[in-house]
1. In square angstrom, what is the accessible area per residue of segment 18-132 with a 1.4 angstrom probe?
2. When the chain is fully extended, how far beyond the present Cα-Cα distance does Arg101 get from Leu60, taking 0.36 nm per residue of separation?
3. Karplus couplings for segment 10-15 from phi (6.51 cos²θ - 1.76 cosθ + 1.60, θ = phi - 60°), rounded to Hz, Gly and Pro as x?
4. For Lys79, Lys38, Lys28, write out the residues from largest to smallest accessible area, computed with a 1.4 angstrom probe and no ligands counted.
5. Collect residues whose amide H, placed 1.01 Å from N in the peptide plane, falls under 5 Å from the amide H of Leu67; neighbours closer than 5 in sequence don't count.
6. Just add up the charged neighbours of Gly3: K/R +1, D/E -1, any other residue whose Cβ is under 14 Å from the Cβ of Gly3.
7. As a test of reading the structure, rank Met86, Met97 by solvent-accessible area (1.4 Å probe, protein chains only), most first.
8. Which value, in Å² and to the nearest 10, is the accessible area of Thr116 when all protein chains are kept and the probe is 1.4 Å?
Amino acid sequence: MRGPVLAAGGIMLRSGGEPLFAIVRMRKRGDWVLPKGKLEPGETPRAAAEREAIEETGHLVTVHEFLGTLAYEVGGRAKVVHFWRMEAEAAPSRPLMKDIRAVEWLPLREATLRLTRGYEQAFLSEVGPLVLGAAARATPQSSVRSPERPSSPALQPAPADDETITELDDAPSLALEQPSEATEVEAPSLMARLRRWLGGSRQR
């Protein structure tokens, strides 16, 4: 008995503007499906998911968390597809692979209804809201950081209770530094000042 066919793909949202899901149209049969494909020899499911998403949509992607597995039968053989949440760049950067006729970016409901296969419709309707929620919670981070000026010691926040504080052995010890002879002179003692006063009185 042959083992299952292993495949991987992505539930892809396009960045910028309204959140739109990617679905692709197969050239051979004209079916609208989720971006996915079989693993190549020695390839991990995650790597295959990223490769297939890029090849079938033409968009570079950022791969996020694992979403789940879809299993079904094709030609009397089980097929197992692992899916990851992905964010696609706004514009394509490469042509579609020859097996793909077109790619559409649609809102969740429209994308679900456009899919040809019922099990993919059910899967997208289940994970789609999770993908939208994760995308809404994500906070974009700027790739360019402005230089920061050092803060005044008086403005430094107090360390939290669980924050690690530098141990004394690791911290620079200013108390052990010796004063500079060029800048500091030891103050004369009372006896020395008295002797100088008496000597001055005799000289007068």
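1. 52 Å²
2. 12.9 nm
3. x, 8, 9, 10, 8, 6
4. Largest to smallest exposure gives the sequence Lys28, Lys38, Lys79.
5. Phe83, Trp84, Arg85
6. Local charge sum for Gly3: +3.
7. Met97, Met86
8. Rounded to the nearest 10, the figure is 70 Å².
The values are calculated or read from the model by the stated rules, or taken from the named source; none is laboratory data. Computed from a prediction, not measured in an experiment: that's the story for all the values here. Cβ atoms come from the backbone with ideal geometry, glycine included; neighbour counts cover every protein chain shown. Please note that ligands, DNA and RNA were not included when accessible areas were found on the heavy atoms of the full protein model with its side chains. Shrake-Rupley method; radii C 1.70, N 1.55, O 1.52, S 1.80 Å.
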